[in-house]
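The values are calculated or read from the model by the stated rules, or taken from the named source; none is laboratory data. Computed from a prediction, not measured in an experiment: that's the story for all the values here. Cβ coordinates were reconstructed from backbone atoms using ideal geometry, including for glycine residues, and neighbour counts include every protein chain displayed.
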Amino acid sequence: MEKDTYLLNYKGYNFESPLVDVDILENLDDFEIRDDDVFLITYPKSGTIWTQQILSLIYFEGHRNRTDDLATIDRVPFLEYNIRKIDFLKRPSPRFFSSHLPYYLVPKGLKRKKAKIVYVYRNPKDVMTSYFHFSNILVTLEAGNNMEHFMERFLDGKVVGSRWFDHVRGWYEHRHDFNILFMMFEEMKKDLRSSVLKISRFLEKELSEADVEAIVKQATFQNMKSDPKANYEDIIKHEIGRRTDEGRFLRKGTVGDWKHHFTVEQNERFDKIFQRNMKDLPLKFIWDLNEE
Ligand code: A3P
């Protein structure tokens, strides 16, 4: 295990040093999985908070009709970043977890196809753009400085989550070992309703028309941005710590914002590296909704 101010490297993968629960890491393999556990797994900045909200809305009537007052992060907490020290063993079923873990570090129960996994991926140019801005918000992440500098770190995997290519590739190539549904951020953006239905079908959760309406409405960017239970502002302010007052978790929520931040040269470099790492992978990517 190697550790500095920002990164903790455990078995070849970078965790957020100040927030990770090392005890959990050391016992990950044997962490007991229940058949009805639901995992949301992502590389950072790929739509985690959005899908946490969708899962919570699908499962909890009190969230859908706004009768209870629990933040999404407490309903679908991170396994490896147990910020609010939840006793996972005492959680009632079905339990929900979020995680940025690579395929090879997850509890072995998941590899036995116990529990369901929703894996959300996003085009890596938008991931990097989102990540760059995000790094300048949290005190727990190394500041992004400028885009050029951040791009070096992102491509080298010197960020929380390590190399994006390895994360997505690893999960995709090992998909047959898991009970897993792949969702694409851009498809969710294009057609949120169909995406909600796809997720609920995979989870075998029956929803009425009215339920679906309520979920779609409350999972839009605008709604989440203004909903304190959904937008993480509280946990960032009180438990994680802000570097500056500017910048929000829900920043733009668009597809193709990378075009406003990459130079032509950076884009070409990125394309080459993408090709080299991903060319034989049959996963679809959408770089810009207008170009579809
Ligand atoms: P941007 O920085 O590009 O705006 P994560 O939760 O994995 O950290 O991902 C955060 C990204 O998802 C941010 O991207 C955020 O705005 C976007 N996002 C969150 N909720 C969303 C929603 N309801 N619709 C669209 N994008 C959303």
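Among residues of segment 161-188 being touching a residue at least 60 places away in the same chain (Cβ under 8 Å) and over 30 Å from Thr129 (Cβ atoms), the one that is nearest to the ligand (Cβ to nearest atom) is Asn179. If the condition is being more than 18 Å from the chain's Cα centre (by Cα) and either at pLDDT below 95 or small (Gly, Ala, Ser) (or both), then segment 93-107 contributes only Ser93. Restricting attention to segment 108-127, which residues are under 19 Å from Arg163 (Cα atoms) and either hydroxyl-bearing (Ser, Thr, Tyr) or more than 10 Å from the ligand (Cβ to nearest atom) (or both)? Tyr119, Tyr121, Asn123, Pro124, Lys125 - these are the residues of segment 108-127 that are under 19 Å from Arg163 (Cα atoms) and either hydroxyl-bearing (Ser, Thr, Tyr) or more than 10 Å from the ligand (Cβ to nearest atom) (or both). Among the residues of segment 26-67, those that are more than 16 Å from the ligand (Cβ to nearest atom), within 27 Å of Lys189 (Cα to Cα) and not polar (S, T, N, Q) comprise Asp37, Val38, Tyr59, Phe60, Glu61, Gly62, Arg66. Can you tell me which residue is farthest from the ligand (Cβ to nearest atom) among those in segment 1-25 that are free of Cβ contacts under 8 Å to residues at least 60 places away in the same chain and part of a loop (DSSP other than H, G, I, E, B)? Across segment 1-25, the extreme among qualifying residues is Met1. A single member of Asp234, Asp191, Asp156 is of a type outside the set (Phe, Trp, Tyr), more than 28 Å from Tyr103 (Cα to Cα) and either more than 19 Å from the chain's Cα centre (by Cα) or within 16 Å of the ligand (Cβ to nearest atom) (or both), and it is Asp234.
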